[in-house]
Each structure stands twice: as C-alpha cells, then as structure tokens.
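In what follows, a single structure is set out as structure tokens and then discussed.
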Amino acid sequence: MEVPELTPENQAKAQKKLSLICFSGDFDKLVATFTLATGAAAVGYEVNIFFTFWGLDAIKKKQGRAFVGKGFLGKLFGFFMGGLRSAPVSRLNFLGLSPKIFRYLMRKKNVATLEELVEAAKALEINLYACEMAMHILGLEKSDFIHEIKGVLGVATFLEISEGGRTIFI
Amino acid sequence: MATFKLDITREHCPMTFVKTKIQLSKLNAGDVLEVLLTEGEPLENVPKSSREQGFNVLEISHVEGVVHKVLIQK
C-alpha cells in the first residue's frame, strides 16, 4: 500500500473529518448535532454521525410515538422514547410544549428547524450510522430506521471510521 | 455554461453554507452560481470554503447595505 507523503496539505485534508456521537434524543441536543454536522459537511468536511441509545430516536422511520421494537418491553420503550417529532427539550420541557414553541420560534426567525437540518444532512450525504449494541437492547432493527442509514456499527468500526479527525459526544 | 441564482440573505448558520453547497452540487462543471449574502460570517466564509473545496470564486461585489454578491464557478 502506498503511504501518502505527510505534507501540511495532506495533514489538513486528513483532519477535515468530524465524527459525532449522538447519544441524546433531546430536541435541543439533536439541533446541536445536526447543526454541527451539516455546517461541517457544507464547508467540505467528511462527517460521520454515530447514533446510540436515545439518539437512535432521531433516525427512526416513525417520527412520532409508535410501538417500534421487539418484545413487550422493547415496544413499550419504543413508544415512550418516540421519534424525531416527539423529542423533548433537555430543560423546561413543560410536558412537550417547549419543543412546539421552539419549532414555532425557529420558523418565525428563519432558522432551520430540526426536520430541515435532518433533510439537509441527507442531501449532503453525511454518513449516518446506528449503534449495534443499543439496537440490540431496544429490540430495534435496521429496517426500523430511515433508509439513509449507511450501516450498523460497533465501537471498533466507529474508531476506525473516526480516526484522523475530530470526535464530539453530544 | 449557465448562471444560477441563490439568495441566502435571510438564512442563518448553518443553512447559509448548506444551501450554497447543495446548490453547487446540482450544477454542472463550468456553471456559475450567483450568491446574494450578508456581511459577517456568510461573506467571510462562503467564498473561503468554496475555494477550499476547489470551486472558483470569480467575483465578490457590494450590492447595497449589508448585501454582497459572490460569483462561484463550479
């Protein structure tokens, strides 16, 4: 295998990679994840998002509350966890009223809504991955997620993919 | 070669960059994108990141007030 010369240009190119671990399923933290991801992709970064645990809610096909998952407990958790449209905010959620207020404010102030950011992430061909372990616990399958999911990964593969760039946990 | 227009004067981060990048990806080589944008981060970074991604920034000109025009060739 030919090893590329480590010139400053090559080094800068190698570092233009951002990998995000999306652990939270909170509305505000998902906005942060997708804002960073789409912004970085738009300025030429290779971007990977690894969705795990509550973060998996963001990539479910069913965006509202639905009995997604295997087994009684899996389905029950699936229902309470919900999807992108039922994501709560991390503070002052007011029984789900706050995400509605945020969506209203974002539209009114012409800031991209969470749904628009997710669509932009797809259009920018950001690499979306789901965590194999969290899927196993929650009884979720790849078919429960949007078709843009590039793969189902474990830690070792994620480390390989993210090597040489920056990694952020949200 | 065709010229396309994009107005991102009402957009905010990250959609300023995102809309420019998505629009540029739809163009054919040689096509030009005329981007209307505002001072501050869009004016500083849209031309810069376009150049870094191998696009040709043909012209940056002042339109009026805080609005500027950037011509980017694919």
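The values are calculated or read from the model by the stated rules, or taken from the named source; none is laboratory data. Because the structure is predicted, anything quoted here is derived from the model rather than measured. Ideal geometry is used to build each Cβ from the backbone, glycine not excepted, and the neighbour counts take in all protein chains shown. Surface accessibility is based on the protein's heavy atoms, side chains included, excluding ligands, DNA and RNA. Shrake-Rupley method; radii C 1.70, N 1.55, O 1.52, S 1.80 Å.
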Extension reserve of the B:Arg10-B:Leu71 stretch, reckoned as 0.36 nm per residue once the Cα distance is removed: 20.1 nm
Long pairs among A:Lys75/A:Lys100; A:Lys109/B:Lys19; A:Lys142/B:Lys48; A:Lys16/B:Lys19; A:Lys17/B:Lys5, criterion Cα-Cα beyond 28 Å: A:Lys142/B:Lys48; A:Lys17/B:Lys5
Sites A:Glu119 and B:Asn56 - FRET efficiency at Förster radius 41 Å, r taken between beta-carbons, to 0.05: 0.90
Rounded to 5, the percent of DSSP beta bridges in the protein assembly as shown classed as antiparallel: 40
Protein heavy-atom accessible area occluded, A/B pair - total, 1.4 Å probe, Å²: 1100
Residues whose placed amide H lies under 5 Å from that of A:Ser90, excluding near-sequence neighbours: A:Phe27, A:Asp28, A:Lys29
In Å², nearest 10: area of A:Leu73 left accessible to a 1.4 Å probe: 120
Net length gained if the chain between A:Ala156 and A:Arg103 were fully extended (0.36 nm per residue, minus Cα distance): 15.4 nm
Tensor-based shape of region A:27-103 (alpha-carbon gyration tensor, a/c under 1.5 rounded, otherwise prolate or oblate): oblate
Kirkwood hydrodynamic radius (C-alpha pairs) into Stokes-Einstein, the protein assembly as shown, 25 °C and 0.890 mPa s, D in µm²/s: 126
FRET E, pair A:Asn110, A:Phe72, Förster distance 30 Å, beta-carbon r, rounded to 0.05: 0.10
Heavy-atom accessible area ranking, 1.4 Å probe, most first, across A:Met133, B:Met15: A:Met133, B:Met15
Structure-based [θ]222 nm, chain A - -39500 (n - 2.57) summed over DSSP H runs of at least 4, per residue, nearest 500: -12500 deg cm²/dmol
At R0 = 41 Å, FRET efficiency that the Cβ-Cβ distance of A:Arg85 and A:Lys16 yields, to 0.05: 0.80
Using alpha-carbon coordinates, inclination of helix B:15-26 to the longest axis of chain B, degrees: 20
Burial of 50 Å² or greater, region A:30-47 residues [accessible area, probe 1.4 Å, versus chain by itself]: A:Ala42, A:Val43
Residue-level accessible surface for A:Arg107, protein heavy atoms, 1.4 Å, Å²: 150
Cα centroid separation - region B:38-54 against region A:129-149, whole Å: 37
Under 5 Å, built H, 5+ apart or other chain: amide partners of A:Phe145: A:Lys61
Heavy atoms of A:Lys61: accessible area, 1.4 Å probe, square angstrom to 10: 120
